[in-house]
Amino acid sequence: MKWIRYSAVMLGLTASACVQLPTEKSGVVDLRPQLNFRITGSTDGATVFVDGLDMGLVSSYLEGRPATSLRVLPGTHQVRVVRGGTVLADERIYVSDGVTKTILVH
């Protein structure tokens with residue numbers, strides 16, 4: 001009878017030891033190139049196009065604001081900023097991993 005009680009205690013201790021398993025924390029670093037824009041004039045309603053794709057308003061990606069950069073894939077891109085029918089900026093750029101490129105918009 002004593003060995004049954006001993007076995008039950010040992011089983012309980014063994015089961016409780018398995019509750020806290022080792023954990024591993026991992027994160028992902030985003031090294032994609034970033035684009036942001038420095039504005040020297042009025043750009044109300046100006047839109048950014050990267051390789052012909054509409055990426056939204058240029059005001060969403062202004063230089064100096066945290067977490068507002070436009071992420072792109074590494075490589076060569078055609079970046080154009082247009083307001084109405086007027087082209088405010090048009091650059092062909094090359095960017096690699098971890099690079100932040102600032103484009104001047106007049």
Requested in this report: Starting at the first residue of region 49-59, write each ³J(HN,Hα) from the Karplus equation 6.51 cos²θ - 1.76 cosθ + 1.60 with θ = phi - 60°, in whole Hz, x for Gly and Pro.
Outcome: 10, 10, 6, x, 9, 6, 9, x, 6, 4, 5
Requested in this report: Could you tell me the accessible area of His106 in Å² (1.4 Å probe, neighbours in place), rounded to the nearest ten?
Outcome: 120 Å²
Report task. Whole number in Å², please: accessible area per residue of region 29-69, 1.4 Å probe, ligands, DNA and RNA not counted. Result -> 58 Å²
Query raised in the report: Going from most exposed to least, what order do Thr23, Thr100 have by accessible area with a 1.4 Å probe?
Result: Thr23, Thr100
Query raised in the report: Modelled label-to-label distance, Arg32 and Glu63, 7 Å Cα→beta-carbon offset: nm?
Result: 2.3 nm
**Report entry** Probe 1.4 Å, all protein chains present, accessible-area order of Glu63, Glu24, largest first
**Finding:** Glu24, Glu63
Query raised in the report: Taking R0 as 35 Å, what's the FRET efficiency between Phe49 and Thr23 from their Cβ-Cβ distance, rounded to 0.05?
Result: 0.20
Report summary line: Taking only the Cα positions of region 39-102, the convex hull volume per residue in Å³ is 87 Å³
Report task. Provide Ser26, Ser96 ordered by accessible surface of protein heavy atoms (probe 1.4 Å), highest first. Result -> Ser26, Ser96
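The values are calculated or read from the model by the stated rules, or taken from the named source; none is laboratory data. Just so it is clear, the structure is predicted and the values come from calculations on it, not from any experiment. For neighbour counting, all protein chains shown are included, and Cβ atoms are generated from backbone atoms with ideal geometry for every residue, glycine included. Note: accessible area is taken over every heavy atom of the protein model, side chains too, but ligands, DNA and RNA are not part of it. Shrake-Rupley method; radii C 1.70, N 1.55, O 1.52, S 1.80 Å.
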